[in-house]
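Shown next, in structure tokens, is the structure this report addresses.
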């Protein structure tokens, strides 16, 4: 809806902003009556006054996000999907206005990430997308993409839109790996301190099934703003204490990525949770809530669903592998990185030594060691790397493998089964630290992305 401004103020705003807005709307194939655009561009008071009602018939722009927009139609479409998802999960729906605001903010965040991916040359081409869709089909025990498409369309879903949503999800995952995860450095001292601290904690042999609500507080928030965010957390806790279902409150109040899944964190080993969480949960019985917890990222509310003893694995399979990495960047688009690695692969196929090629061309820290990554345990590398690596036979060189870091060639040198040891404990500690720091760093990165962006709400309903 158009804000309730005086006619002269309305005209001034349109005269300054509409040419750019019109360009964005046309690019998104939103129909704007030609005569109306012409009249507004002329800045004619009389014509604009007569045309105000007709402007209201346009697919309303809810938010301008840099050089793009989110429309009322797009928001309604996303809301319909989320509502259907919540109903399918059996989650009671939050208040309509609360849910709409949550979804709109998520759409802004998603759009900013996709814009940044495009600006920095990150792409998912159709061939990569089809491979991902085929993996999804196979996971659902469907033999081909054609059968998968038919199944999707039988459920009333537009397959082309579904396909583009999967492309966006892959893009944002790789963006996070490139911009956040690849830049995390975990020292040996951090690992040793973590292991020592965990050994002193009560309940370290437990696994906990948790649900979580998080209200994010921006890094530079004023004291007044922090109080506003605390009040939001207090409202959520009050609703929970009055009997509202946790999943419903999470969907309406939580800023965490799992909010629309009821805030469910699933089973977590206690030594992979922040000490603050473990301490808050120790005295809780299943079904009980923590109070409001304050962390550097914001306010948290936890619900203990269940607890159980943790049985440590006895044996794991480790893989000794090496790789060659060509990174993508603003200066090196994916097509160029892929072509460079393809040339290296051709040389190796013709007999060139893998280690020598890694020393000459790999852009990973392992290059000086001929690309040698040492012994890798499950979960120690990103899934896009680990999956193709696990599929290789000993001595075999992979095809071109893409991850958020760039393009890889992988060769498996050895495999072994090994007992859980001090080395395994260190790996688990490293993964736990990485998980904590990755979430924190990703939230910081998202806030910075939002702070740098131009975001303007064009509707009265925010």
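The values are calculated or read from the model by the stated rules, or taken from the named source; none is laboratory data. A quick note: this is a predicted structure, and the numbers were derived from the prediction, not measured. Note that each Cβ is placed from the backbone with ideal geometry, even for glycine, and that neighbours are counted across all protein chains shown.
Counting only helices (runs of 4 or more DSSP H) that sit completely within the range 45-135, those holding 1 or more residues that are closer than 27 Å to residue 259 by Cβ, modelled with pLDDT of 85 or more and in contact with a helix residue (DSSP H, G or I) (Cβ under 6 Å, 6 or more places away or on another chain) correspond to 72-89, 96-119.
Tell me, please, whether a residue that is in contact (Cβ under 8 Å) with a residue 12 or more places away in the chain and within 26 Å of residue 254 (Cα to Cα) can be found in the range 142-160. Spell out how you get there, then give the answer.
Looking only at the range 142-160, we keep the residues that are in contact (Cβ under 8 Å) with a residue 12 or more places away in the chain, and these are 145, 148.
Subsequent filtering for residues that are within 26 Å of residue 254 (Cα to Cα) retains none.
Taking every residue of the range 142-160 in turn, none turns out to be in contact (Cβ under 8 Å) with a residue 12 or more places away in the chain and within 26 Å of residue 254 (Cα to Cα).
Kindly check whether there is at least one residue in the range 182-205 that is over 27 Å from the mean Cα position of the chain (by Cα), modelled with pLDDT under 90, surrounded by 19 or more Cβ atoms within 10 Å (Cβ to Cβ) and under 21 Å from residue 274 (Cβ atoms). Within the range 182-205, one or more residues are over 27 Å from the mean Cα position of the chain (by Cα), modelled with pLDDT under 90, surrounded by 19 or more Cβ atoms within 10 Å (Cβ to Cβ) and under 21 Å from residue 274 (Cβ atoms). Test residue 304 against the criterion of being at pLDDT 90 or above and in a helix (DSSP H, G or I), and give yes or no. It is false that residue 304 is at pLDDT 90 or above and in a helix (DSSP H, G or I). Annotation: of all residues in the range 206-252 being at pLDDT below 90 and closer than 12 Å to residue 300 by Cα, the one that is nearest to the chain's Cα centre (by Cα) is 216.
Within the range 209-227, the set of residues being loosely packed, with under 13 Cβ neighbours inside 10 Å and outside any loop (DSSP other than H, G, I, E, B) comprises 223, 224, 225, 227.
Only helices (runs of 4 or more DSSP H) wholly contained in the range 317-413 count here; list those with 3 or more residues that are outside the structural domain of residue 131 (by TED's automatic domain parsing) and surrounded by fewer than 15 Cβ atoms within 10 Å (Cβ to Cβ). Write out each step before concluding.
Details: elements: 334-349, 354-361, 383-391.
Per the criteria, 334-349, 383-391.
Among all positions in the range 439-447, there is at least one residue which is more than 30 Å from residue 72 (Cβ to Cβ), crowded, with 16+ Cβ neighbours inside 10 Å and modelled with pLDDT of 85 or more. Looking only at the range 265-301, residues that are outside any strand (DSSP E or B) and in contact (Cβ under 8 Å) with a residue 12 or more places away in the chain come to 22 in all. Scanning the range 346-367 for residues that are out of contact with any helix residue (DSSP H, G or I) (no Cβ under 7 Å at 6 or more places or on another chain) and closer than 18 Å to residue 405 by Cα gives 362, 363, 364, 365, 366. Within the bounds of the range 75-90, is there any residue that is surrounded by 18 or more Cβ atoms within 10 Å (Cβ to Cβ), in contact with a strand residue (DSSP E or B) (Cβ under 8 Å, 6 or more places away or on another chain) and not assigned by TED's automatic domain parsing to the domain that holds residue 156? Looking for residues that are surrounded by 18 or more Cβ atoms within 10 Å (Cβ to Cβ), in contact with a strand residue (DSSP E or B) (Cβ under 8 Å, 6 or more places away or on another chain) and not assigned by TED's automatic domain parsing to the domain that holds residue 156, one finds at least one in the range 75-90, hence yes.
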